[in-house]
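A.B. asks: First the structure, then my questions, so here it is.
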Amino acid sequence: MAESSISVDQDQFSCPVCLDRLKDPVTTTCGHNFCKLCINGFWDQEDVKGVYSCPQCRETFTPRPVLCRNNMLAEMVEKQNKTELQAVSPAHCYAGPGDVECDSCIGRKRKAINYCLVCQASYCEDHLKPHYQSPAFKKHKLVEPCAELQEKICSQHDKPIEIFCRTDKSFICYLCTMDEHKDHDTVAAKTERMKKQNDVKEEQMKSQQTIQEKQKKVQELRQTVTTIKRRSQTAVDESEKIFTELISSMEKKRSEVKKLIRAQEKAELSRAERLLNQLEQEIADLKRRVTELEQLSHTHDHIHFLQSFPSLCVSPGYEDSPSFTVNQHLSFDGVRKSLSDLKKRVEEICKEEFNKILPQAAALQKSREDLLQYFCYLTLDPNTGNYDSQKNHQLEIWPKALQVFRTMP
């Protein structure tokens with residue numbers, strides 16, 4: 001911890017016996033501090049009684065306590081002694097880097113505390129005393145010392161500059177008013193300062209008002225930026241939702257068309273399967289009849305031949321084709337054409353709607369480019385505090401450009 005941060009009661013550094021700064025401090029069991037030599041001398045006088053007491057609170061001890069050095073308190077006392085020694089040391093009065101030196105000091109220069117406009121010299125505390133004690137220096141004017149005070153001395157008359165010439169707008173001494181500035185409008189620098197001080201306050205108020213206006217515009221622009229971001233994100237979320245629903249709807253329709261095609265396929269295949277089974281059954285029956293007729297033609301039993309012939313000669317009725325047919329030229333050209341037309345219509349609708357969106361995006365991009373055209377660095381006139389008129393004129397255009405953002409949906 002830094003020494004300067006130690007803050008204790010100064011009485012804690014004093015011995016209650018000798019009333020001086022503690023030397024080799026010790027602490028009794030009752031908590032009071034003494035110089036080791038002082039407390040031992042006090043207790044030596046009580047050896048006869050055999051009872052030892054604290055000189056501060058009169059608490060008694062038996063037997064005589066053994067005292068040890070309080071190292072922490074000893075360090076604090078030592079630091080306090082060093083601090084006080086540095087405070088009374090003259091080293092802190094000497095001029096350092098950036099300080100104005102006393103012109104009267106010989107050898108090592110002390111720090112000047114005042115400058116005399118009449119003597120044209122800087123003085124430290126000791127060498128300044130004659131200006132307060134001697135009547136000869138009573139009319140001398142003292143000011144704060146400054147390294148640039150030489151600039152406040154008239155180079156022609158070697159006198160302090162205390163007058164302002166309004167005619168030439170220059171600073172002069174009182175002898176100048178009797179010479180080349182004799183018929184000029186001159187006033188004391190203090191008087192002119194008071195007048196200009198009001199102008200400074202007025203310019204300061206104008207600058208503050210301008211700052212408030214600019215801050216208001218900045219706030220409006222930030223709010224506009226926030227609105228743009230919020231609306232843009234809302235538009236993105238809504239477009240994502242719409243496209244998701246659109247894709248879901250298209251997926252559903254695709255599934256329905258697929259089911260319709262598969263259903264028609266299944267119906268035609270079922271019809272063809274039934275026809276195929278029927279034809280195969282008829283072929284099997286006809287083959288069996290041919291076999292029976294072949295066997296009948298080779299029989300030697302005339303009676304059997306004549307008996308079987310009538311039944312075998314009856315036509316089974318398979319000469320005609322089945323009553324239902326299968327469309328072997330099944331085609332989905334109609335479906336394909338309908339879907340192709342749907343695709344074109346969707347593309348046309350998308351193109352038409354996108355053309356409505358694109359101008360808004362183009363207007364946004366154009367507005368940003370317009371804003372960049374009016375970009376400039378702000379500079380202040382150090383003499384008046386006003387914005388440069390030309391740049392200020394350019395800045396007046398930005399609310400018009402900002403209006404583009406406000407009109408966006």
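A.B. asks: Filter the stretch 167-189 down to residues that are of a type outside the set (Ser, Thr, Tyr), surrounded by 14 or more Cβ atoms within 10 Å (Cβ to Cβ) and in a loop (DSSP other than H, G, I, E, B), then give me how many there are.
C.D. replies: Counting residues in the stretch 167-189 that are of a type outside the set (Ser, Thr, Tyr), surrounded by 14 or more Cβ atoms within 10 Å (Cβ to Cβ) and in a loop (DSSP other than H, G, I, E, B) gives 5.
A.B. asks: Can you tell me which residue within the stretch 240-282, out of those that are surrounded by 11 or more Cβ atoms within 10 Å (Cβ to Cβ) and among the β-branched types (Val, Ile, Thr), is farthest from Ser315 (Cα to Cα)?
C.D. replies: Only one residue fits best here, namely Val257.
A.B. asks: Against the condition in the same structural domain as Cys154 (by the TED database) and modelled with pLDDT under 95, how does Asp199 come out, does it pass?
C.D. replies: Numbers: in the same structural domain as Cys154 (by the TED database): no; modelled with pLDDT under 95: yes.
For Asp199, the condition - in the same structural domain as Cys154 (by the TED database) and modelled with pLDDT under 95 - is not met.
A.B. asks: Of all residues being small (Gly, Ala, Ser) and either surrounded by 10 or more Cβ atoms within 10 Å (Cβ to Cβ) or at pLDDT 85 or above (or both) in the stretch 332-347, which is nearest to Phe243 (Cα to Cα)? Just the residue, please. Lay out the reasoning, then the answer.
C.D. replies: First, the residues of the stretch 332-347 that are small (Gly, Ala, Ser): 334, 338, 340.
Narrowing further to those that are either surrounded by 10 or more Cβ atoms within 10 Å (Cβ to Cβ) or at pLDDT 85 or above (or both): 338, 340.
Numbers: Ser338: 23, Ser340: 21 Å.
The selected residue is Ser340.
A.B. asks: Considering only the stretch 190-217, state which residues are surrounded by 12 or more Cβ atoms within 10 Å (Cβ to Cβ), farther than 22 Å from Lys152 by Cβ and more than 29 Å from the chain's Cα centre (by Cα).
C.D. replies: Result: Glu203, Lys206.
A.B. asks: Still on this model: Within the stretch 121-146, can you find the residues that are surrounded by 15 or more Cβ atoms within 10 Å (Cβ to Cβ) and either assigned to a loop (DSSP other than H, G, I, E, B) or charged (D, E, K, R) (or both)? Talk me through it step by step, then tell me what you get.
C.D. replies: Taking the stretch 121-146 and keeping what is surrounded by 15 or more Cβ atoms within 10 Å (Cβ to Cβ), we get 121-124, 127-128, 131, 137, 142, 145.
Selection gives Cys124, Pro145.
A.B. asks: Could you grab me the full set of residues in the stretch 91-140 that are more than 24 Å from Pro160 (Cα to Cα) and out of contact with any strand residue (DSSP E or B) (no Cβ under 8 Å at 6 or more places or on another chain)?
C.D. replies: Ala91, His92, Pro97, Ile106, Gly107 - these are the residues of the stretch 91-140 that are more than 24 Å from Pro160 (Cα to Cα) and out of contact with any strand residue (DSSP E or B) (no Cβ under 8 Å at 6 or more places or on another chain).
A.B. asks: If you don't mind, another one. Could you tell me whether the stretch 305-327 includes any residue that is under 30 Å from Ala284 (Cβ atoms), β-branched (Val, Ile, Thr) and at pLDDT 80 or above? It would help to see each step written out before you state the result.
C.D. replies: Of the residues in the stretch 305-327, the ones under 30 Å from Ala284 (Cβ atoms) are 305-327.
If we keep only those that are β-branched (Val, Ile, Thr) too, we end up with 314, 325-326.
Still in the running and at pLDDT 80 or above: none.
Looking for residues that are under 30 Å from Ala284 (Cβ atoms), β-branched (Val, Ile, Thr) and at pLDDT 80 or above, one finds none in the stretch 305-327, hence no.
The values are calculated or read from the model by the stated rules, or taken from the named source; none is laboratory data. Note that this is a predicted model, so its numbers are computed, not measured. Cβ atoms come from the backbone with ideal geometry, glycine included; neighbour counts cover every protein chain shown.
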